[in-house]
Amino acid sequence: MAQARLGIIGGSGLYEMEGLTEVREVDINTPWGKPSDLIAVGKLGDVGVAFLPRHGKGHRILPTEVPQEANIYALKSLGVEFIVSVNAVGSLQEEIHPRDLVIPDQVIDRTKSRANTFFGRGIVAHLVFADPFCPVLSDILYRASVEAGATVHLGGTCVCMEGPLFSTRAESHLYRSWGASIIGMTALPEAKLAREAEICYASLACATDYDCWHQAHESVTIEMVIANLQANVATSKHVLRSVADSLPDHRACDCATALQDAIITDPKLIPPDVKQKLSLLIGKYVK
């Protein structure tokens, strides 16, 4: 039985949202191991919510080390249909100020050391990923941000870099020349894995700095990132409460059936152990 419809992947404090009731911590083991930490499951009104701290409590996991497959699989196993990913990002455009929110609609993958699919090892699937963020959930997130009084930008391209070091000045100027809006380290492979799991996924990106391209502003520092993140906590909580109240009763977007025609491998040739490992994801298509 589903325990949560809305999954929130983010930093410390968001599971302490006012109005979150019946909270319990769930320890889940997946075929990909343990997720980043225990998952706090509770309710916002009548909506089941699952909160997962991406970097673990105390922020102890590097972006490259985040167990992304386990995180997405664990949320899927709880019945999650929507994921809001809270991301700290640097601004690559003058009009996106530190402490602004951005709801991106595109992403450029600059990661190089991360597993980015559930598939392989005897099963092949090719999914459509032209629009990496769910437009329905992104619109809900945007409207909730406006209602919360935030300065929010709808649309824009997020560059997802490997990290953990921030960009060089040359890289920052290169990404600006591409027309990118923001840069971060955590949107991928979350968005790809969520699509494979047929979960609607959108990003609530919190701008903390101007990366290192802006000559009139100091380059990004950890102190700056933390200070601006903390300033956005209350706004983010308000936004997420509104999102929970605004989820549609039924999903009509393509995310809900993303795997329907994507599995290329002849079912008879899929190794039994792989079929079992992926049963939560592919069970309704492959018997």
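The values are calculated or read from the model by the stated rules, or taken from the named source; none is laboratory data. All figures in this text were calculated on a predicted structure; none of them were measured in a lab. Heads up, the Cβs are rebuilt from the backbone with ideal geometry, glycines too, and the neighbour counts pull from every protein chain shown. For the accessible areas, the whole protein counts, side chains as well, though only heavy atoms, and no ligand, DNA or RNA atoms are used. Shrake-Rupley method; radii C 1.70, N 1.55, O 1.52, S 1.80 Å.
Seen against the Cα atoms of the chain and their longest principal axis, helix 222-246 is set at about 50 degrees. Remark: segment 44-51, residue by residue, has Karplus-estimated 3J(HN,Hα) of 10, x, 9, 9, x, 10, 10, 10 Hz, where x stands for each Gly or Pro and the curve is 6.51 cos²θ - 1.76 cosθ + 1.60 at θ = phi - 60°. From most to least packed by mean Cβ count within 10 Å, the peptides 260-270, 241-251 give 241-251, 260-270. Name the residues of segment 116-151 whose amide N is less than 13 Å from a point 7 angstrom out from the Cα of Ala234 along the C-beta direction? Answer for this model: 149-150. Counting only alpha carbon atoms, the long axis of helix 68-77 and the longest principal axis of the chain meet at about 60°. Nonpolar atom fraction for segment 168-287, defined as the carbon and sulfur part of the 1.4 Å probe accessible area, stands at 53 percent. When the Gaussian network model of the chain links Cα atoms closer than 10 Å, the mean-square fluctuations of Ala148, Ala125, Ala202 top out at Ala125. With both residues required to sit in the chain, DSSP beta bridges show an antiparallel share near 35%. Of the residues Asn232, Thr186, Leu280, the one whose Cα sits farthest toward the positive end of the charge dipole of segment 167-287, with +1 on the Cβ of Lys and Arg and -1 on the Cβ of Asp and Glu, is Leu280. Looking at segment 1-131 alone, DSSP beta bridges between its own residues are antiparallel in about 55 percent of cases. Probing with 1.4 Å while keeping every protein chain in the model, the per residue accessible area of segment 160-205 equals 31 Å².
These residues, Val23, Val47, go from largest to smallest accessible area, 1.4 Å probe, as Val23, Val47. In the full protein context, segment 1-132 carries 44 Å² of accessible surface per residue, based on a 1.4 Å probe and ignoring ligands, DNA and RNA.
Legend: calculated FRET efficiency, Asp249 to Glu94, from the Cβ-Cβ distance at R0 = 51 Å, rounded to 0.05, equals 0.80.
Taking every DSSP beta bridge that has both ends in segment 70-228, the antiparallel portion is near 15%. Compared with the rule-of-thumb size 2.2 N^0.38 Å for a compact globular protein, segment 30-96 has a Cα radius of gyration ratio of 1.29. Using the Cα gyration tensor of segment 153-263, with a ≥ b ≥ c the square roots of its eigenvalues, what is the shape: rounded (a/c below 1.5), prolate (a/b larger than b/c) or oblate (neither)? It comes out oblate by the Cα gyration axes. Near Thr265, the amide H atoms lying under 5 Å from its own belong to Val124; only residues 5 or more places off or on other chains count, and H is placed 1.01 Å from N. Just check segment 23-65 against the gyration tensor rule for me: Cα atoms, a ≥ b ≥ c as the square roots of the eigenvalues, rounded for a/c under 1.5, and otherwise prolate or oblate depending on whether a/b exceeds b/c. Since a/c reaches 1.5 and a/b is larger than b/c, the shape of segment 23-65 is classed as prolate. Three principal axis extents describe the C-alpha atoms of the chain; from largest down they are 61, 42, 34 Å. In the complete set of protein chains, residue-level accessible area for Met224 is approximately 40 Å², probe 1.4 angstrom. Amide H contacts of His153: Leu101, Val102, Ile103, each under 5 Å away and 5 or more positions distant or on a separate chain (H built 1.01 Å from N in the peptide plane; Pro and chain starts excluded). Which one, Ala231, Ala258, Ala70, has the greatest fluctuation when you compute a Gaussian network model over the chain with C-alpha springs under 10 angstrom? Result: Ala231 has the largest fluctuation of those listed.
Dipole magnitude for the chain: computed about the Cα centre from +1 point charges on Lys and Arg Cβ and -1 point charges on Asp and Glu Cβ, it is near 840 debye.
Rolling a 1.4 Å probe over the protein heavy atoms leaves Phe129 with an accessible area of roughly 60 Å². Mean-square fluctuations from a GNM of the chain, with a 10 angstrom spring cutoff on Cα atoms, peak among Pro135, Pro271, Pro63 at Pro271. Per-residue SASA remark: Phe166, around 90 Å² accessible (1.4 Å probe; ligands, DNA and RNA not included). Would segment 1-142 count as rounded, prolate or oblate if I go by the C-alpha gyration tensor, calling it rounded below 1.5 in a/c and otherwise prolate when a/b exceeds b/c, oblate otherwise? Taking the square roots of the gyration eigenvalues as a ≥ b ≥ c, segment 1-142 is rounded. Taking only Cα atoms, what is the 0 to 90° angle, nearest 10, from helix 135-147's long axis to the longest principal axis of the chain? Its long axis makes an angle of about 40 degrees.
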